[in-house]
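FYI, it's all coordinate maths here, none of it is from the lab. All values derive from a computational prediction rather than experimental measurement. Don't worry about glycine lacking a Cβ; one is built from the backbone with ideal geometry, like all the others, and counts go over all protein chains shown.
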């Protein structure tokens, strides 16, 4: 008797929810709109809102300081510094970050740690692959901007969040 009454209670609870409006979005059909690239301004100490998707690397700004790798070290160990044959005056060691998206948790701490505005996160968050080796993005691959274009939404920061005395 307990099984029958439990089944009817569950059925009644499900039928009661049918006339209500859906609270969740249907993902592929409906997507949220954000401000674009997630970046961090170290001078102001403010992160600009945006998607936390695939990283973008501006090779001309990167100095090879390894702060992004150090920030990622105790979280997911997704960033590894690799040597690239590229002569740049600001990067004498010619080392750049390489991201393994099989390990990355998209926390954005690597972007926050970069004091030279060389690293950001794009709106390309659909990283699908059938093998783990395709999820390792070299510095050259990170430098290519994504082909995805979404409607940009502008966020305004009303108060200055930096602490000054």
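The C-alpha radius of gyration of segment 69-150, expressed as a fraction of 2.2 N^0.38 Å, stands at 1.11.
Taking the Cα centre of each part, how many Å lie between segment 6-27 and segment 108-145? Each part's Cα centre sits 40 Å from the other's.
Cβ-Cβ distance of residue 60 and residue 125, R₀ of 35 Å, FRET efficiency by 1/(1 + (r/R0)^6): the value works out to about 0.90. Given R₀ = 30 Å, what would the calculated FRET efficiency be for residue 2 paired with residue 30, taking r from the Cβ atoms and rounding to 0.05? Using R0 = 30 Å, I get an efficiency of 0.15. Computed over segment 32-142, relative contact order equals 36 percent, with contacts defined as Cα pairs under 8 Å that lie 6+ residues apart. Between residue 147 and residue 15, the simple label model (points 7 Å from Cα in the Cβ direction) yields a spacing of 5.1 nm.
Dividing the Cα radius of gyration of segment 1-141 by 2.2 N^0.38 Å, with N the residue count, gives 1.53. Cβ crowding within 10 Å, taken as a proxy for footprinting-reagent exposure, orders 136, 30 from fewest neighbours to most as 30, 136. By the Kirkwood approach, averaging reciprocal distances over each pair of separate Cα atoms, segment 54-97 gets a hydrodynamic radius of 10.9 Å.
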